[in-house]
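Structure, as structure tokens:
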Amino acid sequence: MSRVRYEAQWYSLEPEESVLDGLLRQGVPVPHSCKAGVCQSCLMRAAAGAVPEKAQAGLKETLKARNYFLACSCWPEPGAELEVAGGGDELRVPARLESLERLSGGVLRVRLRPQAAFEYRAGQYLTLLRADGLARSYSVASLPREGALELHVRLLPGGAMSGWLSTEARPGDEVRIQGPAGDCFYLPGRPEQPLLLAGAGTGLSPLYGIARDALEQGHTGPIWLFHGAREPRGLYLVEELRALAERHGNFHYRPSVLEGRLGEGVHVGSLDALIRDECPKPVGWRAFLCGNPELVLSLRKKLFLAGLSMKDIHADAFLPSASGPGGAGATPRAPDASR
Amino acid sequence: MSTVYELLGGAKAMDAAVDLFYRKVLADERINHFFEDVDMERQAAKQKAFLTMVFGGPNNYTGMDMRKGHAHLVKRGLNDSHFNAVAEHLAGTLKDLGVAAPLIEQVIQTAESVRADVLNR
Ligand SMILES: Cc1cc2nc3c(=O)[nH]c(=O)nc-3n(C[C@H](O)[C@H](O)[C@H](O)COP(=O)(O)OP(=O)(O)OC[C@H]3O[C@@H](n4cnc5c(N)ncnc54)[C@H](O)[C@@H]3O)c2cc1C
Ligand code: HEM
Ligand code: FES
């Protein structure tokens, strides 16, 4: 049996139990969301005891060096003792909601203003924390020079965070943000390399940032943006993206829906068939894939097989929050949140 | 004699080799079901360990590790025909990288030397 010391108290862990699950099981509220080592909302710092290597996977070197680790991916050796110095609080920056507006029936644009320095690259993601500790990851659609951070939040029935944002949250409300994380961003240096950006739903958020960032940094090669939705009303920012394509000859915007009528410049059919038609030989390209995990993983495999190099494929799968002891966040879960 | 690993340029060259090899494996209906992992990066890291080993690069794998590492695949039916397919892609990858035939032969022999361990015989 291993033990964890958290906020001046010792908690024992069952065999095979992560630090996060152990604390949640014993009623300790700890922010978390994906339970898969991706969102980083369960970040903690160890004061004493060995941190398994796996618990630091994906963290920045500076955080690793300071003994930060992800509680959901931390399984101490049997018999080991780990003392936690604190949660990720010291890394969290206060921010104020600036505006909340609908971009479409199912997508909310949330603008927030950090109250302290928050450096990021367009396309990375952050963790948004409500005052009570509820935590969810969102990709950033804005560019650093724009001042306010822009998020695109898909409204989910019974969604704890998206529901709160769409009904109760008001401009001026205080939240906290943590991050950024992720390697979905534009790197200058190869301005002629073709870029392939693809995502469905709010997967557009980071792609919107990456495409504009690349254009502003003088990218000269073709930039293809494929945005998929189930139905036409699932598409958003259509006019803005069309206008961007008018201004930049190398930017190609291809909206696509699974169901709907042909016409109006929207493709009907699967996103991956459209990509294959438009970009039949993507060898040597760079790709950014964001949004629905199944789509992201299947596109990634297809593009790899089509000749893209593994290191040139950047993917952010929007993993849903995982339920477990203690619920989806630091608060009770909605009754229908049963997965 | 220098190893294929050194000849190709060491650790730096492994990413290109992994891309080529993993692409062949994933496209091969005979064996790709063994490699379907939602986490392609983790899977690629393992391919890298595999290639580094058979190319004669630094590794600490023992025959016992090979037994343990593939036992769950043998349970799923891993047999000589699959081994042969992997060896084929190994040779194909080296050919694509412009490695000369005698050296390819050397790599295939290294692979052959662990056949019994991989197949848990
Ligand atoms: C790296 C990363 C980046 C992300 N970026 C974004 C982003 O830019 N925009 C965005 O909208 N979301 C993004 N997400 C997802 C986001 O973090 C939340 O999971 C999502 O907003 C749902 O939170 P919620 O509290 O509203 O719903 P929850 O209370 O967590 O869930 C409500 C119900 O909906 C179900 N559910 C959750 N997700 C899905 C889904 N995808 N499809 C179907 N049912 C689901 C749950 O199982 C539950 O039953 C990202 C996730 C990750 C890991
Ligand atoms: C030529 C002989 C082979 C050698 C030297 C070899 C070597 C290796 C090595 C070093 C690893 C990484 C282990 C780890 O670090 O976890 C590995 C993993 C793996 N090998 Fe092999 N391998 C061989 C043949 C095969 C064959 C024939 C197959 C199937 C057709 C196969 C399928 C796999 C798979 C699927 C994994 C990943 C296992 C997992 O995800 O747990 N290997 N192999
Ligand atoms: S990284 Fe631990 S809950 Fe997401």
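The values are calculated or read from the model by the stated rules, or taken from the named source; none is laboratory data. Just so you know, these numbers come straight off a predicted model, no measurement behind them. FYI the Cβ positions are ideal-geometry reconstructions off the backbone, even for glycines, and counts take in every protein chain you see. Heavy atoms of the whole protein, side chains included, go into the accessibility calculation; ligands, DNA and RNA do not. Shrake-Rupley method; radii C 1.70, N 1.55, O 1.52, S 1.80 Å.
I'd like the residues of the range B:14-40 whose 1.4 Å-probe accessible area shrinks by no less than 20 Å² going from the isolated chain to the full set of protein chains.
Listed by number, the residues meeting the 20 Å² cut-off are B:Asp19, B:Arg23, B:Leu26, B:Glu36, B:Val38, B:Met40.
Counting only residues 5 or more places away or on other chains, whose amide H sits under 5 Å from the amide H of A:Phe288 once H atoms are built in the peptide plane?
A:Leu196, A:Leu197, A:Ala198, A:His314
Which whole-Hz ³J(HN,Hα) couplings does the range B:90-98 yield from phi under the Karplus relation 6.51 cos²θ - 1.76 cosθ + 1.60, θ = phi - 60°, glycine and proline marked x?
With the stated coefficients, the range B:90-98 comes to 5, 5, x, 4, 5, 5, 4, 7, x Hz.
Measuring with a 1.4 Å probe in the full set of protein chains, what accessible area per residue, in whole Å², belongs to the range A:21-62?
Values: 1830 Å² over 42 residues.
So the range A:21-62 comes to 44 Å² accessible per residue, rounded to a whole number.
Roughly how many nanometres apart are two label points built 7 Å out from the Cα toward the Cβ at B:Asp15 and A:Arg25?
That separation, rounded to one decimal, is 4.1 nm.
Size of the dipole of the protein assembly as shown about the Cα centre, Lys and Arg at +1 and Asp and Glu at -1 on the beta carbon, nothing else charged, in debye to 20?
Details: 53 positive and 54 negative charges, 47 e Å.
Value, rounded to 20: 220 debye.
Keeping all protein chains in place, calculate the accessible area per residue for the range A:67-168 (probe 1.4 angstrom), answer in Å².
On the way: 4140 Å² over 102 residues.
I get 41 Å² per residue for the range A:67-168.
Indicate the gyration tensor shape class of the protein assembly as shown (rounded, prolate or oblate), computed on the Cα atoms with a ≥ b ≥ c the square roots of the eigenvalues: a/c under 1.5 is rounded; otherwise a/b larger than b/c is prolate and the rest oblate. Please list the in-between numbers first.
Working: a/c = 1.99, a/b = 1.21, b/c = 1.64.
Taking the square roots of the gyration eigenvalues as a ≥ b ≥ c, the protein assembly as shown is oblate.
Per residue of the range A:11-17, what does 6.51 cos²θ - 1.76 cosθ + 1.60 with θ = phi - 60° give for ³J(HN,Hα)? Whole Hz please, x for Gly and Pro, Karplus curve as stated.
For the range A:11-17, the Karplus-derived couplings read 10, 8, 10, 6, x, 6, 9 Hz, x marking Gly and Pro.
In sequence order, what are the phi-derived ³J(HN,Hα) couplings for the range A:52-67 according to the Karplus relation 6.51 cos²θ - 1.76 cosθ + 1.60 with θ = phi - 60°, rounded to whole Hz, with x for glycine and proline?
x, 4, 4, 6, 10, 4, x, 7, 4, 4, 5, 6, 4, 4, 8, 6
Roughly how many percent of the accessible protein surface of the protein assembly as shown is carbon and sulfur, given a 1.4 Å probe and a whole-percent answer?
Working: 11250 of 21570 Å².
Summing carbon and sulfur atoms, their accessible area is 52 percent of the total for the protein assembly as shown.
A:Ala117 to A:Arg276: FRET efficiency via 1/(1 + (r/R0)^6), r the Cβ-Cβ distance, R0 35 Å, to the nearest 0.05? Mind showing how you got there, number by number?
On the way: r = 43 Å, r/R0 = 1.23.
So the FRET efficiency works out to roughly 0.20.
For the cross-link pairs A:Lys281/B:Lys95; A:Lys301/B:Lys12; A:Lys60/A:Lys281, which exceed 30 Å when the distance is taken from alpha carbon to alpha carbon?
Values: A:Lys281/B:Lys95 22 Å; A:Lys301/B:Lys12 23 Å; A:Lys60/A:Lys281 34 Å.
From A:Lys281/B:Lys95; A:Lys301/B:Lys12; A:Lys60/A:Lys281, over 30 Å: A:Lys60/A:Lys281.
Can you pull out the buried accessible area for chains A and B, both sides counted, probe 1.4 Å, rounded to the nearest 100 Å²? Walk me through the intermediate numbers first.
Details: alone 15600 and 6940 Å², together 21570 Å².
Chains A and B together bury approximately 1000 Å².
Suppose R0 equals 35 Å. What FRET efficiency, 1/(1 + (r/R0)^6) with r the Cβ-Cβ distance, do A:Glu90 and A:His248 give to the nearest 0.05? Don't skip to the end; give the middle numbers.
On the way: r = 42 Å, r/R0 = 1.19.
Result of the calculation: an efficiency of 0.25.
Got a sec? Which residues of the range A:291-313 lose 30 Å² or more of accessible surface with every protein chain in place, vs. that chain alone, 1.4 Å probe?
Listed in order, they are A:Leu297, A:Arg300, A:Lys301, A:Phe304, A:Leu305, A:Met310.
Gap in Å between the Cα centre of the range A:150-199 and the Cα centre of the range A:1-29?
Going from one Cα centre to the other spans 31 Å.
Taking the Cα centre of the range A:136-180 as origin, sum charge times position over the Cβ atoms of Lys and Arg (+1) and Asp and Glu (-1), and report the length of that vector in debye to the nearest 20.
In debye, rounded to 20, the range A:136-180 gives about 120.
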